[in-house]
1. How high is the relative contact order of region 105-192? Use alpha-carbon pairs under 8 Å, at least six apart in sequence, and give a whole percent.
2. Simple spin-label model, 7 Å along Cα-to-Cβ: Asp274 to Lys311 in nm?
3. Please identify every one of the trypsin sites (Lys or Arg not before Pro) in region 166-214 that sits in a loop by DSSP and has no more than 10 other beta carbons within 10 Å of its own beta carbon.
4. Could you grab the relative contact order for the chain? Cα pairs under 8 Å, six or more apart, rounded to a whole percent.
5. If you put +1 on each Lys and Arg Cβ and -1 on each Asp and Glu Cβ, how big is the dipole of region 45-157 around its Cα centre, in Debye rounded to 20?
6. Once each part is reduced to its C-alpha centroid, what is the distance from region 151-220 to region 290-329 in angstrom?
7. State, to one decimal in nm², a quarter of the convex hull surface area for the C-alpha atoms of region 119-272, i.e. the direction-averaged projected area.
8. Need the list of lysines near Lys319 for cross-linking: C-alpha distance under 28 angstrom, and skip anything on the same chain fewer than eight residues off.
Amino acid sequence: SDQVLSITPNTQEEVEVLKNVSTQYETNLWQPVSSDHIEAETPVHLYVPANSSEAVMDLLQKHGMTHVLLANADELIEMQMRNDSTDPRSGSTFYQKYHPLEVIYSWINRTTHDYSSTVKAILVGSSYEKRPLYALKLSLNNRPNKKAMWIDCGIHAREWISPAFCLSFVHHALSFYNQNREITDILDSMDIYVLPVLNPDGYKHTWTKNRLWRKNRSLRRGTNCVGVDLNRNFDASWGQGASHDPCSEIFCGSFPESEPETQAVADFLRSHKDSIQLYITIHSYSQKLLFPFSYITDEPENLSDLLEMAKGAADNIRKYYLNHYAYGSGGKALLAPGGSDDWAYNLGIKYSFTFELQDRGRYGFLLPESQIDRACKEALTGVKTIALNVIEK
Ligand SMILES: [Zn+2]
């Protein structure tokens, strides 16, 4: 069957073997995101489809390299796509499942209909394949000069827990306003914009063709390789150190904001930068709360605020859910240009975070539905902690 392996190279030779395996064989590298970043003493997570399993195992054995089996992937994939409920109102279990794109669109419709006085769907743009990009605006009162926060999900298609979080977050906010003190305080002081699926074409593709697709689905002349890594396409030190190879998982595109999805989000944030104080983008996996910068190792001027907020969030997650989230500047672990959080920060949104949700590699991108509830509650705790901090500033 399809498998997910964890392999830790101990020598430079073993690093080269893994680079070779991940580029020459039909496999999908989960961690790190590109073979260029494979290094000694750091675990590599590799998805190996059944048809290349024998060749990969032979090669590892030949070099005396051991591996740990993380998961039997095809079983997990099948479990995640089973029993989809098509009725968004079928009770709390709706938020404990993954949903195909069409169901998310109908959920957006339903939500704006059920909460017509407080929720609006704003069309911020459309995708390469012309699917609409809707952001929900949650606005519970009309205070003058109200501030706002922005959350986007699903920039990377295969990170299914991310859109699941955005849905669950909106549900929590609307259901517990006036019941839960924290969400009430937040909504009393801020409007909240939530973009549940930033990359709808990629997300659709993960449901129909390739569960592990990451990029968008844009085409370009001169190559059969499809898609741009939208989180390398923002205008934050764009292209410097990213991949310019259209076949790479971290292809940065032909110029900053070359992709309609990136441009739509950037345009919206530019035109709302005076009100939006907090930017949060949701990814998986690795359980990290990251803040600028990711494209350089320099520290942001409000480092102490960002650090305090991220630490507060991680501490609360540990306190309530006994789970560990690392935090810090993104660039300390891996330099990555063109990311949305750095771009938003440079735009002037000084509280800017990337959340990497569950898990730390046991299931990776194939996090089972049984874990959704817990993963979303942890992230919700993190978001609320940070938002309340921002309000006090
Ligand atoms: Zn991601």
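Read the figures in this text as sums done on the coordinates, not as results from a lab. In this text the structure is predicted, and so the values were computed from the model without any measurement. Glycine also receives a Cβ, built like all others from the backbone with ideal geometry; neighbour counts cover every protein chain displayed.
1. Values: 86 pairs, mean separation 23.6, N = 88.
Taking the mean separation of contacting Cα pairs over the length of region 105-192, I get 27 percent.
2. Simple spin-label model gives 3.6 nm for this pair.
3. On the way: sites: Arg181, Lys204, Lys209, Arg211, Arg214; in loops: Lys209, Arg211, Arg214.
Passing both the DSSP loop test and the Cβ count: Lys209.
4. On the way: 802 pairs, mean separation 63.9, N = 393.
With pairs under 8 Å counted, the relative contact order is 16 percent.
5. On the way: 12 positive and 11 negative charges, 202 e Å.
Using Cβ point charges on Lys, Arg, Asp and Glu, region 45-157 gives about 980 debye.
6. The two parts, judged by their Cα centres, are 21 Å apart.
7. Values: hull surface 39.9 nm².
Its Cα hull, projected and averaged over all orientations, spans 10.0 nm².
8. Lys97, Lys288, Lys311, Lys332, Lys350, Lys377, Lys384, Lys393
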